[in-house]
Amino acid sequence: MPLHRRAFVKVTGAALTLGVLPSGIRAAEVEKRKIGIIGSGNVGSAIGSVWVRHGHQVMFSSRTIENDRALAAKLGANARAGTPLEAAQFGEVLLFAVPYRALPELGETLRSALNGKVVIDACNPFPGRDGEVANEARRIGVGLMSAKLLPGARIVRAFNAIGAARMGRAHEEPGKVGMPIAGDDQAAIEIASQLIRDIGYEPVLIGGLEMGNYLMPGTPLAGERSPEEIRRIVATLHR
Ligand SMILES: NC(=O)c1ccc[n+]([C@@H]2O[C@H](COP(=O)([O-])OP(=O)(O)OC[C@H]3O[C@@H](n4cnc5c(N)ncnc54)[C@H](OP(=O)(O)O)[C@@H]3O)[C@@H](O)[C@H]2O)c1
């Protein structure tokens, strides 16, 4: 059985459970979370800002805390700024939105805070930008590589192949655009899925972390598609 087929079989239970979650869930009905953002650039600031507006408590972090403080001040009481370690300790859910080359060091410096955390991994490996770690990620599969670099984290890959500008606007038309995601931990997938719905996307589980290479720019699933279209494409991948 090919690798991606095995991955699909492995997460069938998770996919079924995900399927019974109500779509278009309203913000008021969703549990409010403490979220740590590691990397508050285009992606981290866009997604984090929407979560703040949905009533989640969000700590933004990067290597430049002045930027995070300015962003948090703009967003109000539910937003704060901290170092990457403080954000990793603060969040029950973490969003990683840094250049892929930063993951090896962050995996080391944040190690004590990562264990058992739900990590939404938006990072993509580009060899031209990120160097050898990106080549290795593409070789072994980016989802599996992130799991290796962030030990103990319950990783869900998401937000990988949609432009950051749309991430800040998608909530205006909730549920129309699907968000392909991959992960191995069912509870983490469900928590991530609720937060993805807050951003305005309907999550579509395509398989386990082995499927991570299908969630990158330049793949058939990249760009904005309806949930149905994503499922149709995924079915061709699993043939
Ligand atoms: N842009 C998109 O449309 C898009 C879409 C999907 C996925 N992605 C992926 O998402 C990730 C982030 O993309 P982006 O466009 O948001 O990048 P970006 O605008 O350059 O933001 C990167 C953020 O990470 C911080 N950062 C960099 N190195 C760090 C480190 N070692 N420790 C802590 N923080 C660090 C940066 O701030 P400092 O430099 O001040 O630390 C900045 O806040 C990338 O892997 C990208 O491929 C991007």
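The values are calculated or read from the model by the stated rules, or taken from the named source; none is laboratory data. As the structure is a prediction and not an experimental result, all values here were calculated from the model. Neighbour counts are summed over all protein chains in view; Cβ atoms, including those assigned to glycine, are modelled from backbone coordinates with ideal geometry.
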| request: Kindly indicate which of Ile155, Ile140 is hydrophobic (A, V, I, L, M, F, W, C), free of Cβ contacts under 8 Å to residues at least 60 places away in the same chain, away from the ligand (no atom under 13 Å from the Cβ) and in contact with an Asp or Glu (Cβ under 8 Å, 6 or more places away or on another chain). | output: Ile155
| note | Output for Cβ contacts, cut-off 7 Å, separation at least six or different chains, first residue more than 15 Å from Gly200 (Cβ to Cβ) and in contact (Cβ under 8 Å) with a residue 40 or more places away in the chain in the range 222-237, second assigned to a helix (DSSP H, G or I) and of a type in the set (Phe, Trp, Tyr), reads Leu237/Tyr214
| remark: The number of residues in the range 97-113 that are more than 8 Å from the ligand (Cβ to nearest atom) and either crowded, with 20+ Cβ neighbours inside 10 Å or closer than 20 Å to Arg53 by Cα (or both) is 3
| request: Return the only residue of Arg197, Arg169 being surrounded by 15 or more Cβ atoms within 10 Å (Cβ to Cβ), of a type in the set (Lys, Arg) and either under 14 Å from the mean Cα position of the chain (by Cα) or modelled with pLDDT under 95 (or both). | output: Arg197
| said: Under 7 Å between Cβ atoms, which residue pairs at least 6 apart in sequence (or on different chains) link something in the range 51-63 that is on the phi < 0 side of the Ramachandran plot and within 16 Å of the ligand (Cβ to nearest atom) with a partner that is part of a loop (DSSP other than H, G, I, E, B) and β-branched (Val, Ile, Thr)? | reply: Ser61/Thr83
| query | Among the numbered criteria (1) over 12 Å from the mean Cα position of the chain (by Cα); (2) near the ligand (Cβ under 9 Å from one of its atoms); (3) assigned to a loop (DSSP other than H, G, I, E, B), which single criterion is violated by Asn160? | reply | (1)
| task | From the list Lys34, Lys10, pick out the single residue that is away from the ligand (no atom under 16 Å from the Cβ), within 27 Å of Gly143 (Cβ to Cβ) and at pLDDT 95 or above. | result | Lys34
